[in-house]
1. Looking at segment 32-82, which of the residues that are more than 12 Å from residue 17 (Cα to Cα) and among the hydroxyl-bearing types (Ser, Thr, Tyr) is farthest from the chain's Cα centre (by Cα)?
2. Looking only at residues that are over 29 Å from residue 8 (Cα atoms) and charged (D, E, K, R) in segment 32-65, which one is modelled with the lowest pLDDT?
3. Can you pull out the residues in segment 15-34 that are among the small types (Gly, Ala, Ser) and over 17 Å from residue 49 (Cβ atoms)?
4. Within segment 56-73, how many residues turn out to be small (Gly, Ala, Ser) and not in a helix (DSSP H, G or I)?
Amino acid sequence: SIEQRSLRARDRNSCLRYLVDLSPDSIKVGLSELTRDHPIARLRGSEQLVSIKTAIHSKPPLLIQGRGGGVEGTASGILSDIVEMHRFNL
């Protein structure tokens, strides 16, 4: 279970975070165990982080971090999507 995974991660001084990994060949989405010093492990609340690896930005990658949508932003986005679907009769 997720609770058991979380407890095991905590015993190893790690934590669980949902990650999306995009590459030219694949998309991976899932729960990953990260060390506490990982930039994503340090996020709080609705903060988000994007890590970009390119030929120029590989070690370390380019990091873009900021406030996520939160409750209000997410609700606004959903309402906007519903209005757009109605407008186009989807």
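1. Result: 80.
2. Going through the qualifying residues, I end up with 59.
3. Passing the criteria: 23, 26.
4. Number satisfying all stated conditions: 4.
Residue-by-condition table, conditions (1) without any contact (Cβ under 8 Å) to a residue 24 or more places away in the chain; (2) surrounded by fewer than 11 Cβ atoms within 10 Å (Cβ to Cβ):
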position	(1), (2)
3	yes, yes
17	no, no
30	yes, yes
39	no, no
45	no, yes
51	yes, no
54	yes, yes
58	yes, yes
75	yes, no
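The values are calculated or read from the model by the stated rules, or taken from the named source; none is laboratory data. Note that the coordinates shown come from a computational prediction; the quantities given were computed from them, not determined experimentally. Cβ: placed from backbone, ideal geometry, glycine included. Neighbour counts: every protein chain shown.
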